[in-house]
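To keep things clear, I will list the structure first and then write my remarks on it.
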Amino acid sequence: MKRRLFNLLASVSLALCLVVVASALLKVILPRGPNLPSFRAGRWACSLDSSNGNFEIRVGHDSAVPDIGPQFAPNPGGQFAPFTYTQAGLDWQEKLPRGAHWRSMGFHFDRNINMEISRTRNFVAVGNVFWIGAPLWPLLALLAILPIIRRSYQMYLRRLMKQGHCPVCAYDLRATPERCPECGAVSAKVAGISN
Ligand SMILES: [Zn+2]
């Protein structure tokens with residue numbers, strides 16, 4: 001049971017490892033390519049992204065009641081920005097809670113207010129948005145631990161089997177080659193003859 005769980009975790013780990021590598025490669029080949037999956041559940045949203053050898057998780061949490069601020073002013077001359085800030089909008093934004101930022105060795109954590117512009121051109125503080133980012137290599141190293149342990153254990157078992165140990169539990173079968181006294185596995189040779 002424990003071994004089955006370990007094998008399952010190792011497989012999941014390996015699969016995630018491959019997904020991370022594949023997505024990083026995809027980002028290199030297609031910088032504007034598809035993003036990693038995103039999920040939404042109620043007022044929570046989560047999305048994954050990877051770029052430039054970094055991995056990023058974005059978690060958004062909408063407030064039950066969005067904080068609706070002043071309207072943007074129309075910006076008739078602005079070709080790329082149809083709206084412009086008003087002093088009231090800037091003052092309102094100034095009073096919102098401050099975000100939090102932390103950066104170290106390619107790792108980062110950010111918390112910001114998630115701002116949107118509503119259809120009525122109002123500033124809206126929708127809720128909080130959190131970013132957790134890390135370079136890919138520690139993540140890959142972490143994800144590779146279980147698959148590497150499993151692989152070396154398999155190689156170790158194979159070596160033991162050649163020396164006459166049980167293929168299931170690695171018990172020394174030199175004294176009882178027909179059946180493993182430890183786990184009850186019937187040796188392949190005996191099973192082959194009895195069929
Ligand atoms: Zn055995």
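Let's see how each residue does on (1) in a strand (DSSP E or B); (2) more than 16 Å from the ligand (Cβ to nearest atom):
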position	(1), (2)
THR120	no, yes
ILE132	yes, yes
LEU139	no, yes
LEU146	no, yes
ARG150	no, yes
MET155	no, yes
ALA175	no, no
GLU182	no, no
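Based on this model, can you work out whether ARG103 counts as surrounded by 10 or more Cβ atoms within 10 Å (Cβ to Cβ), of a type in the set (Lys, Arg) and within 22 Å of TRP131 (Cα to Cα)? When the stated conditions are applied, ARG103 passes them. Scanning the range 12-59 for residues that are assigned to a helix (DSSP H, G or I) and touching a residue at least 40 places away in the same chain (Cβ under 8 Å) yields SER13, LEU14, LEU16, CYS17, VAL20, VAL21, ALA24.
Values quoted throughout were computed directly from the atomic coordinates according to the rules given, and no laboratory measurement underlies them. Predicted model only: the values in this text are computed from it and were never measured. Backbone-built Cβ (ideal geometry, glycine too); neighbour counts: all protein chains shown.
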